[in-house]
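The values are calculated or read from the model by the stated rules, or taken from the named source; none is laboratory data. Predicted model only: the values in this text are computed from it and were never measured. When the accessible area is computed, the model is the full protein with side chains, heavy atoms only, and any ligands, DNA or RNA have been set aside. Shrake-Rupley method; radii C 1.70, N 1.55, O 1.52, S 1.80 Å.
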Amino acid sequence: MAEPYLKVEGIVKKFGPFTALNGVSLDVYPGEVHALLGDNGAGKSTLIKTLAGVHEPTAGQIYVEGKPVKFRSPRDASSAGIGTVYQDLAVNPLISVTRNFFMGRELLRGPKGIGLLRMDEMDKIAHDEMLKIGIDISDPQQAVGTMSGGQRQTLAIARAIYFGAKVLILDEPTSALGQKQQMEVLKTMMRVRKRGDIAIIFITHNEIHSQLVADRYTFLALGQVIGAGKAGELEHDEIRRLMAGGAEMADLEQELSGI
Ligand SMILES: Nc1ncnc2c1ncn2[C@@H]1O[C@H](COP(=O)(O)OP(=O)(O)O)[C@@H](O)[C@H]1O
Ligand SMILES: [Mg+2]
């Protein structure tokens, strides 16, 4: 079996006296979708911000390709191949697809900083990279504001991969979209998965979406892992129970049926 690209061991994150993560461990493998599930407040965002170099862990260790790493900034995490696509996507609707794709990393002609933009080349790269994971933008000069939510997700994902992401962290990529767009994003994820060299951490509230694409699961509740496993090893009922934060579904159903 392949080695995990990313290994997270015993991560603790405290905010003052409050413990947001209390010893979280998980392994993330290339070519797999790892669903990270848990209720609001479970610690999902805190965990990904720790992996993305936004927060320094209070304790615990992160390993990339078996080597211990310490991220002091998002740039450190990004250089180690951790690419995060946040919910707001960091795209500017008023500027072109290509400009959003490069955003500060434009290809220039001539001496650095004063050269002209190599626009045709950049258009081609943006177009081709997005086509590889499923959308054909006929005009990369069009404003991002004209694209659907699903297409914007694809842009943010293609950009992260082009700039070196080996672990792609997607924070609730389907939650703000209509059903058709949600499927587009799931298809994009499956195309990335198929490459085989990229690991995806998929944060979601939607158990159906997770079951459609996940190879592996980690369930968080109140800063702790309450369950984890490979897709084939977890029963549907077990997934539902863990989604409910480990609360006994039967008790909850009982309570509701009394109304
Ligand atoms: N910067 C912070 N300072 C203090 N508490 C925080 C901070 N960030 C998150 N928390 C707390 O940590 C817990 C986990 O939050 P979060 O990671 O956002 O959960 P999730 O993304 O699973 O909804 C929550 O109780 C939240 O209030
Ligand atoms: Mg969150």
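Accessible-area rank, largest first, for T46, T146: T146, T46, with all protein chains present and a 1.4 angstrom probe. Rolling a 1.4 Å probe over the protein heavy atoms of the range 98-215, with every protein chain left in place, gives an accessible area that is 53 percent carbon and sulfur.
Can you pull the percent of Cα pairs in the range 23-98 with separation above 22 Å? Across the range 23-98, Cα pairs with separations above 22 Å total 31 percent.
The long axis of helix 119-132 is offset from the longest Cα principal axis of the chain by roughly 30 degrees.
Might you tell me the accessible area per residue for the chain, computed with a 1.4 Å probe and given in Å²?
50
Once Rg and the Kirkwood radius are both taken over the C-alpha atoms of the chain, their ratio Rg/Rh works out to 1.01. What is the range 58-199 by shape, rounded, prolate or oblate, if you read a ≥ b ≥ c off the alpha carbon gyration tensor as root eigenvalues and call it rounded for a/c under 1.5, prolate for a/b larger than b/c, and oblate otherwise? Oblate. The string of couplings for the range 208-219 from the Karplus curve (6.51, -1.76, 1.60, θ = phi - 60°) is 5, 4, 5, 6, 6, 10, 6, 9, 8, 10, 9, 10 Hz, one whole number per residue in order, with x for Gly and Pro.
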